[in-house]
Amino acid sequence: MRHYLKIELLRMLRNKRYIIFVIAFPVLFYLLYSNLWGSEVDQATGVKGSVTLMVSMGAYGALAASIMSSAVPWSQERQSGWLRQLQITPLPGWTIIVTKLIASMVLVLPALLLVALAAVLTQHVSLPAGEWVGLIAALWIGTIPFIALGLAIGSVLPPDTAQPVAVIGMFGLALLGGLWFPESLMPETMKSIAHVLPSYDYANIGWQIVAGETPQASMILGVAAWAVGLGALALLAYRRATVRA
Amino acid sequence: MNAIAFNGVTKKYGDVVAVDGLSLDIPAGSTVALLGPNGAGKSTSINMLLGLLRPTSGEITVFGSSPDEAVARGDIGAMLQEGALIPELTVRESVDFIRRLYPNPLPLDDVLRMADLTDLAGRRADKLSGGQTQRVRFALAVAGGPKLLLLDEPTAAMDVESRRAFWGNMRSYAAQGRTIVFATHYLEEADENSDRVVVVAKGRVVADGTAAEIKAGVAGHAVSFRLGDQPAAGLDALAGVSAVEIQAGRVTVKTSDPDATVEALYRKTTLDIRDLQIHGADLEDAFLALTKES
């Protein structure tokens, strides 16, 4: 299974489109936005724009990596017959989805860490060690619902629909979660949609950590509930996709 | 010991019967061709052997246990009809990955050599031609050193030369005492590369034996000669004869045993036989005759 994981990581890191979309984009946007608004300070929390944006773009990169590393590759493998190739080897069925989950979690890290590195190097962002650890850990573990969503999409849809659905899902979650512009600027209906989405709670946990606050239990519960719900959906969809009729 | 045993296996998709009460034993160490037209149930049978499909009724055992258990033990390798590779991985990476999933794999270099891939080992799958991809898929099927190798129309995408090379590789794998079952609708392939041909049509076995036996079992031979205006009565009663046709003074008798028919023509009739010709059946005729009947 370790070798399987290695193979999964290798292939994604060789995929140029993936690298551009999920690693280069968030870093570039961070550099751009932090140059524009990096020195603005939030009146309520006293957090600088460069720090808030680091959380936003880190969260966006992690969200994008979660969905893009899971949905389309998995859908393609199902359709192309690679899944069958694996099913006729001694590899136990459950290792496929577990490996995919772990691989996606590893693939989230470059985007997350590079955005943080860009923040430190270009905006001289500094946080207490505890906040760094908490922030990275929260944004990392918090990707589980998004990976589960990606795997569910990949199990249910063929590649040519999985691709647009994954992209729309990714941008939709990012936009409504307030990663591109603050949720306070949204109209009321959008706001109420945003509040139930996992990306909103996910990003807020990050912002609360860098503001030196303890994340609200309701936010953590929100992400956890989505993780359980989407995880169950992903498992169900996976079982349906691999059923032997 | 039987490598494979089908015991009254039926597979239905709704009302469509793909495999119809199939019973078949394949001893370990043999190379068997499943020969039949499209839709005969060959792929369905192979997918059931791999546990990818479940029989509607009946039982399949592979080396004495269920297909799932045989797959889990690493006893089976297969080259299915469809199967793409991971585009970003090289030939060596893909083959090595699959190889390592098996408990007793073949050495990587041996696998690459067996599939003529040594020179392509470093190439990415998305840079391979169709024929090269097929070779990689063969390599994936044998990489784990399976006791049973299943090939579902393995040469479908190959040109003549790749085909010849492919069967050479397959035979050398068979020579290591492995059991091989391949599905094909190419008669020549079945004839040249197997020691037993099982002809299937509409989900049933319609003939089973060596290629020679199958040819002989069908009234595909014919004996013809010039009859002129002599009477043709009694020809249909001669040994082996199944049909008599007369056209423009020339008679053609269809026979399952041309030797016996010719002998009877000379000994048991007083006909003046001129310009005698014996036409041999080929497997093609046998195949058409067999699959049409059912």
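The values are calculated or read from the model by the stated rules, or taken from the named source; none is laboratory data. On a predicted model such as this, the values are computed, not experimentally measured, just so you know. Neighbour counts are summed over all protein chains in view; Cβ atoms, including those assigned to glycine, are modelled from backbone coordinates with ideal geometry. Just so you know, the surface numbers come from the protein's heavy atoms only, side chains and all, with ligands and any DNA or RNA stripped out. Shrake-Rupley method; radii C 1.70, N 1.55, O 1.52, S 1.80 Å.
Observations, loosely collected:
- Any pair with Cβ under 9 angstrom, 6 or more apart, that starts in the stretch B:52-74 at a residue that is more than 15 Å from residue B:1 (Cβ to Cβ) and more than 8 Å from chain A (Cβ to nearest Cβ) and ends at one that is open to solvent by 40 Å² or more (accessible area, probe 1.4 Å) and in a loop (DSSP other than H, G, I, E, B): B:59/B:66; B:60/B:66; B:68/A:244
- In the stretch A:178-235, the residue that is surrounded by the fewest Cβ atoms within 10 Å (Cβ to Cβ) out of those that are hydroxyl-bearing (Ser, Thr, Tyr) and in contact with an Asp or Glu (Cβ under 9 Å, 6 or more places away or on another chain) is A:218.
- For the stretch B:135-170, the tally of residues that are in contact (Cβ under 8 Å) with a residue 40 or more places away in the chain and among the polar types (S, T, N, Q) stands at 1.
- Residues in the stretch B:169-185 that are over 17 Å from residue B:42 (Cα atoms) and open to solvent by 30 Å² or more (accessible area, probe 1.4 Å): B:171, B:172, B:175, B:176, B:177, B:178.
- Residue that is nearest to residue B:166 (Cα to Cα), among those in the stretch B:95-113 that are open to solvent by 30 Å² or more (accessible area, probe 1.4 Å) and away from chain A (no Cβ under 14 Å): B:113
- Check on residue B:116, away from every other protein chain (no Cβ under 14 Å) and without any contact (Cβ under 8 Å) to a residue 24 or more places away in the chain: no
- Set A:75, A:66, A:126, A:80: member being of a type in the set (Ser, Thr, Tyr), surrounded by fewer than 21 Cβ atoms within 10 Å (Cβ to Cβ) and touching a Pro at 6+ places or on another chain (Cβ under 9 Å): A:80
- Selection of first residues in the stretch A:188-203 that are in contact (Cβ under 8 Å) with a residue 60 or more places away in the chain and of second residues that are surrounded by 15 or more Cβ atoms within 10 Å (Cβ to Cβ) and assigned to a helix (DSSP H, G or I), restricted to Cβ pairs under 6 Å at least 6 apart or on distinct chains, gives the following pairs, ordered by first then second residue: A:199/A:173; A:202/A:223; A:203/A:59.
- Identification of helices (runs of 4 or more DSSP H) wholly contained in the stretch A:69-168 with 1 or more residues that are within 13 Å of another protein chain (Cβ to nearest Cβ), in contact with a Ser or Thr (Cβ under 8 Å, 6 or more places away or on another chain) and closer than 30 Å to residue B:148 by Cα yields A:71-80, A:82-87, A:93-123.
- Annotation: of all residues in the stretch B:75-85 being over 22 Å from residue B:106 (Cβ atoms) and either of a type in the set (Gly, Ala, Ser) or facing chain A (nearest Cβ under 7 Å) (or both), the one that is least open to solvent (accessible area, probe 1.4 Å) is B:84.
- Filter result (more than 14 Å from residue B:208 (Cβ to Cβ), among the β-branched types (Val, Ile, Thr) and surrounded by 15 or more Cβ atoms within 10 Å (Cβ to Cβ)) within the stretch B:1-30: B:9, B:10, B:17, B:19
- Filter pass, residue A:179 being outside any loop (DSSP other than H, G, I, E, B) and touching a residue at least 24 places away in the same chain (Cβ under 8 Å): no
- Entirely in the stretch A:1-49, the helices (runs of 4 or more DSSP H) that have 1 or more residues that are without any contact (Cβ under 8 Å) to a residue 12 or more places away in the chain and open to solvent by less than 80 Å² (accessible area, probe 1.4 Å): A:2-13, A:16-19
- Counting only strands (runs of 3 or more DSSP E) that fall entirely inside the stretch B:159-274 and contain at least 1 residues that are of a type in the set (Ser, Thr, Tyr), the qualifying elements are B:179-184, B:221-226, B:241-247, B:250-255.
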